[in-house]
Each structure stands twice: as C-alpha cells, then as structure tokens.
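First up is the structure itself, then whatever we jot down about it.
The values are calculated or read from the model by the stated rules, or taken from the named source; none is laboratory data. Small disclaimer: the values here were computed from a predicted structure and weren't measured. Every residue, glycine as well, gets a Cβ built from its backbone with ideal geometry; the counts of neighbours run over all protein chains shown. What goes into the accessible areas is simple: the full protein's heavy atoms, side chains included, and nothing from ligands, DNA or RNA. Shrake-Rupley method; radii C 1.70, N 1.55, O 1.52, S 1.80 Å.
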Amino acid sequence: MTNTLIEIQPGTYTIDPVRSTVRFTATHVFGLGPVHGTMAIRSGTVTVAAEPRRSSVSAEMDAASWKTDDARRDRDVRGHRFLDAERYPTIGFRSTAVVHGADGWQVIGELSVRGGSTEILLTLTEIGPDRFTATGRVDRVAAGVRGGRAIV
C-alpha cells in the first residue's frame, strides 16, 4: 500500500464493477447493533492528475443491489419509503474537490439519492496502484431518505 496520490501514475482509471463494491454500516436508533451490508457499483472512473488536487472521482451505485443479512429489511430499504430503487435506480457520486489535510487525502463530493443530493467527505484509507479505499459518513435524511426516521 502506498500513502500518496503522487506515487500513482496519472491517468483515468475505470472502476471495475466485478471487483468493486460499496460496504456500509448503518446504526439502529434503538441501539440494537450495527447493520452491515453492500451495494454494487454499476460504473465509475477515477482520474489521477499530475497535480493530485486536480484529480476526480465519479461512480454510480445500483440502488436495487442494497443487501444486508435480512431479506425483509432489504426489500423495505429498496422500496418507496427509503431508496425507492424502482423510480431511482442509481445512487451517484461526483467529486467536487480533492484535498490533503491532517487525515491524509480526502475527496469531497455530491452524493445523489432519490433525486436530491448532499455533500459527503470521503477519507482515502488505502491508496495503491490498483486499489483505492475510502470511508465516509452519510446523513440519510440530508441525502433525501426521510422515511422511517424513528427506526433506522
């Protein structure tokens, strides 16, 4: 693993949907424990610029691929109260800035869900010649997913 974008060969890289995924942990308001799951990435690109701050990222996730260890919950989350995957089949991300701060490299961008969007900050935790891993927090209400506020 390398810890700097400067060590990555500049260019545009296509995200491989077969080898890539979004992993998430949701918290339950009643403290019943974390919910872990995944979503598939449909497509995306990472452009590494010679000047790292000019780099960019875009990706589309498949809203219908939301999956946890509970099939009933998954149907509910994909349904009209939450993601409404039938009407809004993709969740999009588009970077607006790449910055280097005290926590290392960060990607700031817009997360588009259900026709709305919210800003999100992703911190790169792993940077390598063929792998990028980032973590961030999403406020689902700010992102436009307002259903079930008392239970999720």
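Remarks
- Spacing of the two label points (7 Å from each Cα toward its C-beta) at R53 and H36, in nm: 3.8
- Within the listed set A26, A102, A63, the residue fluctuating most in the Gaussian network model of the chain (springs between alpha-carbon atoms under 10 angstrom) is A102.
- Within the accessible area of segment 1-138, the carbon and sulfur atoms contribute 50%, probe 1.4 Å, all protein chains present.
- 1.4 Å probe accessible area per residue over the chain, in Å²: 62
- Normalised alpha carbon radius of gyration of the chain [divisor 2.2 N^0.38 Å]: 1.08
- For the chain, a crude dipole built from +1 on the beta carbon of Lys and Arg and -1 on the beta carbon of Asp and Glu, taken about the Cα centre, is about 520 debye to the nearest 20.
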